[in-house]
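Asks: Sharing a structure with you now.
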Amino acid sequence: MKIMVTGATGFVGSHVVDVLLERGHEVYYIARATSNFRWLEGKKVTRVDGSLFDVHSLKSAVEGMDVVIHVAGLTAAKNEADFLRGNRDATQNLLDAVRAYAPSLQRFVHISSLAVCGPATYSDDPITEESQLRPITAYGRTKKLAEEAVVSCTDIPWTIVRPPAVYGPRDEAILTFFQTINKGVASFIGFDEKRVSLIHVRDLARGIVDAAFAPSAVGETYFVSSDETYTWDQISAITATVMGKRKLFRIRLPHAAVLSIAGTVGFFGKLSGKPPVLDYEKGIDLTQKYWICSTNKARRDFGYRQEMSLLDGIRDTVQWYREAKWL
């Protein structure tokens, strides 16, 4: 099949490309010539020159495609208007192009986020696809608006996939955590137990592709995640073991301190002209107790299972970081 992947040059998108190629599909991606192609070099993929904000260029990107997997989106921005443009507006542009130029499209897969739902209230009551959407940040709100744009397209066979936090080879966002553990230090936010769903990128990419071809997934939304949930104590301890660190110096930061630091970093980050990775809203995210979700629906509808245990996933990630000389 001919499949177009947006965001293919990025962390998650490049792994989706890998799974599609392994399964024998003809893979295309949209990007400008100035993009960084480091994760796609030497792979049998075809670039279509264009942008999600150049509607004319989207005609050649979607025309003749069997499936479109929309991974691209903004996870960091200077303000809510930028988030709106990168998440809602880009998605709407792509949907409009599909409607105009790919009327026979078999599936449009939109990659959303657990952030559209907000955190769970209790540790034994994970978020499900039926949970009320209560995003707590601009990122979550604009990903919710993007979902609404997809759902409103009754003439396009769509599927929505919501991952939780993602880690694995090629990821720069969570690299700081591994670097800190590598120095023998583990930082914890607050004095309460926090629990998260956490998925290795390989499991996520496989789940996305499986959902794209599952007949039962048309018009449905799924969490593709770890089947288990983890505490940060567990994650830190396993990471330290994999790295050969016998002892960890543990630091606990009060929520107020985290929010203050996040707000300050975000302020100066915006002044620099670059979207800050850490800002006040990210601080709000980090202080929540339960970012957890259930995979029951994905397991039922297309047989999704977590294949990469936390130990194996962290071992795989650390090995890749070391080989890439990121650690």
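Asks: Would you mind counting up the charge near Asn79? Only other residues with Cβ under 15 Å from its Cβ, with Lys and Arg at +1 and Asp and Glu at -1.
Replies: Residues close to Asn79 contribute a combined charge of +2.
Asks: Here is a follow-up. Using only the alpha-carbon atoms, how far is helix 11-22 inclined from the longest principal axis of the chain? Give it as 0 to 90 degrees, nearest 10.
Replies: Long axis of 11-22 versus the principal axis of the chain: about 50 degrees.
Asks: State whether region 158-197 is rounded, prolate or oblate according to the following rule on the C-alpha gyration tensor (a ≥ b ≥ c being the square roots of its eigenvalues): a/c under 1.5 gives rounded; otherwise a/b larger than b/c gives prolate, and the remaining case gives oblate.
Replies: Verdict is oblate for region 158-197.
Asks: Here is a follow-up. As a test, work out the antiparallel percent of DSSP beta bridges whose residues both lie in the chain, rounded to the nearest 5.
Replies: Of all bridge pairs located within the chain, approximately 10 percent are antiparallel.
Asks: Right, next: Please report the relative contact order for the chain, taking Cα pairs under 8 Å with a sequence separation of at least 6, and give it as a percent rounded to a whole number.
Replies: The value is 19 percent.
Asks: Hey, what angle do you get for helix 255-271 against the long axis of the chain, alpha-carbon based, 0 to 90 degrees rounded to 10?
Replies: Relative to the chain, helix 255-271 is tipped by roughly 50 degrees.
Asks: Taking 8 Å as the Cα distance limit and 6 or more residues as the minimum spacing, I'd like the relative contact order of region 217-280 as a percentage.
Replies: So the answer I get is 20 percent.
Asks: Points 7 angstrom from Cα along the Cβ direction at Asp49 and Ser123: gap in nanometres?
Replies: That separation, rounded to one decimal, is 5.6 nm.
Asks: Pairing the Cα long axis of helix 232-242 with the longest principal axis of the chain, what angle in degrees results, from 0 to 90 and rounded to the nearest 10?
Replies: 90 degrees
Asks: Amide H to amide H, which residues 5 or more places from Glu220 or on other chains are under 5 Å from it, using H placed in the peptide plane?
Replies: Distant-sequence amide H within range of Glu220: Ile160.
Asks: How far apart, in nm, are the 7 Å Cα→Cβ label points at Glu41 and Arg246?
Replies: 4.0 nm
Asks: Would you please put 81-90, 126-135, 242-251, 194-203 in order of how densely packed they are, using the mean number of other Cβ atoms within 10 angstrom per residue and starting with the highest?
Replies: Per-residue mean Cβ counts within 10 Å order the peptides as 194-203, 81-90, 126-135, 242-251.
Asks: So, one more: Assuming a ≥ b ≥ c are the square roots of the Cα gyration tensor eigenvalues, decide whether region 49-202 counts as rounded (a/c under 1.5), prolate (otherwise, with a/b larger than b/c) or oblate. List each step's numbers first, then the result.
Replies: Values: a/c = 2.20, a/b = 1.74, b/c = 1.27.
Since a/c reaches 1.5 and a/b is larger than b/c, the shape of region 49-202 is classed as prolate.
Here, each number is a calculation from the coordinates, and none is a lab measurement. Worth saying up front: this structure is predicted, and the values here are computed from it rather than measured. Neighbour counts run over all protein chains shown; Cβ positions are idealised from the backbone, glycine included.
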